[in-house]
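Asks: Please read through the structure below; I'll follow up with questions.
Any read-out appearing in this document is the output of simple, stated calculations on the displayed coordinates, not a laboratory observation. Fair warning: this is a prediction, and the values are worked out from it, not measured in the lab. Counting neighbours? That spans all protein chains shown, and the Cβs are built from the backbone with ideal geometry, glycine included.
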Amino acid sequence: MTDRAHRAAAPDIDALLRSRYGAAAPALTDPLLRGSATLATLLRHRTVRRFTDRVVSDETITALVTAAQSAASSSNLQLWSVVEVRDTGTRRALVDEVGASTFVAQAPVILLFVADWARASAIAAAQGESDAAADYLESTLVAFVDAALAAQNAVIAAEALGLGTCYLGSVRNNPQRAAELIGLPPRAAVAFGLAVGYPDPTDPAGIKPRLAPSVVHSRERYEPVTAADVAAYDGELAAYHASQGRPTGWSRAVIGRVRDAAGLNGRDRMRAWLTGRGLPSN
């Protein structure tokens with residue numbers, strides 16, 4: 001590649017940082033950072049809820065799974081699985097019976113990521129060994145973390161390939177029914193879903209602002225958030241939401257979630273459900 005072609009192909013990191021952070025955008029001056037296509041892909045991430053009719057091939061999903069499997073895994077236990085859902089009836093049931101977001105019924109592919117101790121328990125049982133350690137909270141956490149790391153790898157791969165994605169915590173609104181729909185065995189739980197497809201070019205959703213890096217990044221000791229931090233981000237997010245036709249800020253949404261159990265949409269019963277799934281999290 002010639003120097004001119006390289007310059008033309010280089011990502012506009014400054015523009016992406018401004019889109020993500022507004023006035024709080026950090027300055028990145030290192031040429032290696034400014035020319036990183038991977039960093040640019042991450043910075044331009046956006047949630048996609050509207051997709052075209054273009055088919056997502058089986059081979060593409062296989063590629064996303066291989067990317068997911070390339071993520072770190074605690075002690076290489078690989079305590080996660082993924083169930084691909086394309087069936088129209090199942091996608092409709094995820095909306096009507098589980099409480100998933102309505103666009104799930106139209107999304108081309110739903111990947112349900114599973115915190116999965118069932119496989120490890122089966123391996124132990126085949127050799128006449130106990131699986132008692134799967135009962136503990138640490139074990140539940142490890143499986144959920146493994147699933148999240150894997151899914152994020154899949155998201156990065158998807159976006160690098162021109163696909164769009166949306167995480168679906170809403171599949172935990174009725175996790176028992178979600179487990180039934182995909183035939184999960186005991187010691188396995190749906191952690192979250194991921195909608196995958198080719199983005200509708202008419203979708204106005206853009207790069208959503210985030211808290212300033214200085215708010216989430218402390219050095220040596222944790223620094224608490226300040227009123228000025230919250231006010232600044234409330235203004236940035238309200239402006240973005242106004243461009244999407246819903247002028248709301250951030251802090252009220254945080255308060256709505258933290259104030260009482262009503263903000264959990266029924267998920268305050270998660271421990272009882274996990275126990276029923278064979279993951280008591282002692």
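Asks: With both partners inside the chain, how many of the DSSP beta bridges are antiparallel, as a percent to the nearest 5?
Replies: 95
Asks: Please list, in order along the stretch 170-176, the HN-Hα scalar couplings obtained from phi with the Karplus expression 6.51 cos²θ - 1.76 cosθ + 1.60 (θ = phi - 60°), rounded to whole Hz, x for Gly and Pro.
Replies: Result, ordered by residue: 5, 6, 8, 5, 9, x, 5 Hz.
Asks: Over the stretch 124-243, with a single point scatterer placed on each C-alpha, what log10 of the ratio I(q)/I(0) does the Debye formula yield at q = 0.18 1/Å?
Replies: Result of the Debye calculation: -1.19.
Asks: Taking the Cβ of ALA189 as the center, what net charge do the other residues with Cβ under 14 Å away carry, scoring Lys and Arg +1 and Asp and Glu -1?
Replies: +4
Asks: Counting only other residues whose beta carbon sits under 11 Å from that of PRO26, what net charge do I get with K and R as +1, D and E as -1?
Replies: With Lys, Arg at +1 and Asp, Glu at -1, the neighbours total +1.
Asks: Based solely on its DSSP helices, what 222 nm [θ] is calculated for the chain when runs of n ≥ 4 H residues each add -39,500 (n - 2.57) and the sum is averaged over all residues, nearest 500 deg cm²/dmol?
Replies: Helices in the chain give a 222 nm mean residue ellipticity of -12500 deg cm²/dmol.
Asks: Angle, helix 227-243 long axis vs. longest principal axis of the chain, Cα atoms, 0 to 90°, nearest 10?
Replies: Its long axis makes an angle of about 90 degrees.
Asks: Which is the longest run of the chain containing none of the chymotrypsin sites (Phe, Trp or Tyr not before Pro) found in DSSP loop states (not H, G, I, E, B) with at most 14 other C-beta atoms within 10 Å?
Replies: 1-135
Asks: So, one more: Near the amide H of ALA100, under 5 Å away, which other amide H atoms are found, from residues 5 or more places off or on another chain, if H is placed in the peptide plane?
Replies: It is VAL95, by chain and number.
Asks: OK, next. May I have the extent of the alpha carbons of the chain along their three principal axes, as whole Å values ordered from largest to smallest?
Replies: Ordered largest first, the chain gives principal extents of 63, 48, 41 Å.
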